[in-house]
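Let me begin by presenting the structure, written as structure tokens, before commenting on it.
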């Protein structure tokens with residue numbers, strides 16, 4: 001919990017000027033299901049949930065829809081509300097599965113997220129899915 005709050009607080013301060021100039025195109029209200037998932041991870045107070053709420057975007061994905069494509073910058077962490085995601089990379093035309101992400105689990109390309117290098121993997125919805133994108137970095 002402290003890690004998420006530190007990221008949220010640090011990022012909120014860094015992006016205050018960005019948001020003052022141009023508000024984000026989306027701010028989804030946290031659903032009861034997302035609140036429940038987050039409260040199962042850590043005991044967030046209502047104030048803490050309000051603090052991190054602007055960093056979450058709800059996205060509905062169709063089957064085989066790509067969430068993160070190889071070569072794209074990875075600027076977010078993904079939380080699966082429903083559905084299944086597949087992380088894989090392409091090796092000379094052959095898809096190599098790395099992991100699967102199920103409901104109430106987080107995923108991202110951590111290497112690309114930390115290093116800010118282009119992603120070496122693709123994250124794809126294996127079925128109709130609802131995913132919360134936790135954007136802790138905003139690039140201008």
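For the stretch 28-45, the set of residues classified as in a loop (DSSP other than H, G, I, E, B) and either surrounded by 12 or more Cβ atoms within 10 Å (Cβ to Cβ) or in contact with a strand residue (DSSP E or B) (Cβ under 7 Å, 6 or more places away or on another chain) (or both) consists of 28, 30, 31, 42, 44, listed by residue number.
Quick one: how many residues across the stretch 91-125 are assigned to a strand (DSSP E or B) and without any contact (Cβ under 8 Å) to a residue 60 or more places away in the chain? The total comes to 14. Total residues in the stretch 46-94 satisfying the condition of being surrounded by 12 or more Cβ atoms within 10 Å (Cβ to Cβ) and touching a strand residue (DSSP E or B) at 6+ places or on another chain (Cβ under 7 Å): the figure is 32. Of everything listed in (1) modelled with pLDDT under 95; (2) in a strand (DSSP E or B); (3) over 24 Å from residue 33 (Cα atoms), the single unmet condition for residue 88 is (1).
The values are calculated or read from the model by the stated rules, or taken from the named source; none is laboratory data. What you see is a predicted model; the values in this text were computed from it and never measured. In this analysis, Cβ positions are derived from the backbone assuming ideal geometry, glycine residues included, and neighbour counts consider all displayed protein chains.
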